[in-house]
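A.B. asks: One structure, as structure tokens, below. Some questions next.
All of the numbers you see were taken from the coordinates with simple rules; none came from a lab. These figures come from a predicted structure and were not determined experimentally. As a convention, Cβ positions derive from the backbone with ideal geometry for all residues, glycine included, and neighbour counts pool all protein chains shown.
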Amino acid sequence: MFLIVTKYLIPKGFRGLTAFPFVFVKYRRDKENTVFINHEKIHLRQQLELLILPFFIIYIIEYFLRFIQYGNRNLAYRNISFEREAYDNELNAGYLKKRRFFSFTKYINGTKH
């Protein structure tokens, strides 16, 4: 994992972006934020499982489906299965050690966050 601080690659309203093997952060202080970094490491694992490119294709498709479902950009983003897994487990520093392959799939259906 390579951590890079840049305010130019991060979309407005977000603090970070992960594209294997890079984690781009908007604010230098987030390099030391263990919860934030754990969230991004979960995305790295998801990307590896799906061989990177399919992750982004599924991510975008799911975002648009969630946007149609909820009619709200933030709710759509928060309910993408990849994001739900990352947000639900970002406080658990040991999560990636016990995480099973394709764990994001159990977040595809469910209630909105």
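A.B. asks: Rounded to a whole number, what is D in µm²/s for the chain from Stokes-Einstein with the Kirkwood radius over alpha-carbon pairs (25 °C, 0.890 mPa s)? Walk me through the intermediate numbers first.
C.D. replies: Numbers: Rh = 14.4 Å.
Value of D from the Cα-based Kirkwood radius: 170 µm²/s.
A.B. asks: For segment 90-110 and segment 1-62, compute the distance between their C-alpha centroids and round to whole Å.
C.D. replies: For segment 90-110 versus segment 1-62, the Cα centre distance is 16 Å.
A.B. asks: Taking neighbour counts of Cβ atoms within 10 Å as a proxy for exposure, in what order, fewest first, do Arg45, Arg100, Arg73 appear?
C.D. replies: Ordered from fewest to most neighbouring Cβ atoms within 10 Å, Arg45, Arg100, Arg73 come out as Arg100, Arg73, Arg45.
A.B. asks: Which value, in debye to the nearest 20, describes the size of the charge dipole of the chain about its Cα centre when Lys and Arg Cβ atoms bear +1, Asp and Glu Cβ atoms bear -1, and nothing else is charged? Display every interim value, and only then the final one.
C.D. replies: Values: 19 positive and 9 negative charges, 44 e Å.
Dipole about the Cα centre, nearest 20: 220 debye.
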